[in-house]
Amino acid sequence: SYFLQKTKTIHILHLTSIFTPANICHFLIARKYGIPIVWSPRGELLEGAIDKGKKRLKKVYLAFLKKAIKGKRVVFHSTSASETEKIKHFFPNSEVIEIPNYIYLENPIKAKKKLQILYLGRIAPKKNIESLIKAVYISKIFKLRGFSLIIAGKSERKYLSYDTELKNLVQRLGLEE
């Protein structure tokens, strides 16, 4: 794979999911070659995430991972105190660095404020983005105050028709601007 070809040029591997199958392969390869790893579970170790589907399989996998990580060069990145606590629960001998998603700036950048609504995520029918578009269309405040709606994300190949439906809806409602 591409990753195997690049292992000699990798200085640090940053993984952003505990349960993505490819990441366990990348972890094992990096471990074999002594590549340090920064792992960001992004909330996957919190109660609700572990309890969702395949709970037993996830616990077996975490027990395996705990043994595989022990004594290896792995640093975990958490974004909150509760996430730090959960990481330390599952991987008690690993270093955890807590860096929140939002960082306060001492000298904030002054910028002209724009009235925007941002949807950022997957473009998929499950996300019901058409309801957001329709809500914006019927909102008097949205139009009067000059808001803009930005929809940013990636459509999987199987949802390209949904992407087209959303674009057609925006056009039909006259919200292209």
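The values are calculated or read from the model by the stated rules, or taken from the named source; none is laboratory data. Keep in mind it's a predicted model, so treat the numbers as computed, not measured. Cβ atoms come from the backbone with ideal geometry, glycine included; neighbour counts cover every protein chain shown. Remember, those area values only see protein heavy atoms, side chains included, never the ligands or the DNA or RNA. Shrake-Rupley method; radii C 1.70, N 1.55, O 1.52, S 1.80 Å.
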Worksheet entry | Filter result for residue 60 (in a helix (DSSP H, G or I) and among the β-branched types (Val, Ile, Thr)) | yes
Practice prompt. Check whether at least one residue in the range 74-84 is under 16 Å from the mean Cα position of the chain (by Cα), of a type outside the set (D, E, K, R) and under 30 Å from residue 146 (Cβ atoms), and report yes or no.
Written response: no
Worksheet item: Across the range 142-154, which residue is nearest to residue 124 (Cα to Cα) among those that are open to solvent by 100 Å² or more (accessible area, probe 1.4 Å) and not in a loop (DSSP other than H, G, I, E, B)?
Response: 143
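Results for (1) over 23 Å from residue 102 (Cα atoms); (2) charged (D, E, K, R); (3) surrounded by 15 or more Cβ atoms within 10 Å (Cβ to Cβ); (4) out of contact with any Ser or Thr (no Cβ under 8 Å at 6 or more places or on another chain), shown as yes or no for each residue.
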site: 5; (1), (2), (3), (4): yes, no, no, yes
site: 41; (1), (2), (3), (4): no, no, yes, no
site: 66; (1), (2), (3), (4): yes, yes, no, yes
site: 71; (1), (2), (3), (4): yes, no, no, yes
Item to complete: Determine whether the range 77-87 contains at least one residue that is surrounded by 13 or more Cβ atoms within 10 Å (Cβ to Cβ), closer than 25 Å to residue 11 by Cα and either touching a Pro at 6+ places or on another chain (Cβ under 7 Å) or basic (Lys, Arg) (or both).
Response: yes
Worksheet entry | Selection count where residues are in a helix (DSSP H, G or I) and over 14 Å from the mean Cα position of the chain (by Cα), scope the range 24-50 | 12
Item to complete: Sort out which residues of the range 88-141 are closer than 26 Å to residue 42 by Cα, open to solvent by less than 50 Å² (accessible area, probe 1.4 Å) and outside any helix (DSSP H, G or I), and write them in order of number.
Response: 91, 94, 96, 119, 121, 123, 124
Discussion item. So residue 78 ticks every box in (1) closer than 30 Å to residue 175 by Cβ; (2) touching a strand residue (DSSP E or B) at 6+ places or on another chain (Cβ under 7 Å); (3) among the small types (Gly, Ala, Ser) but one. Which box is left unticked?
Written reply: (1)
Worksheet item: In the range 149-175, what count of residues is obtained for those that are modelled with pLDDT under 90 and touching an Asp or Glu at 6+ places or on another chain (Cβ under 9 Å)?
Response: 1
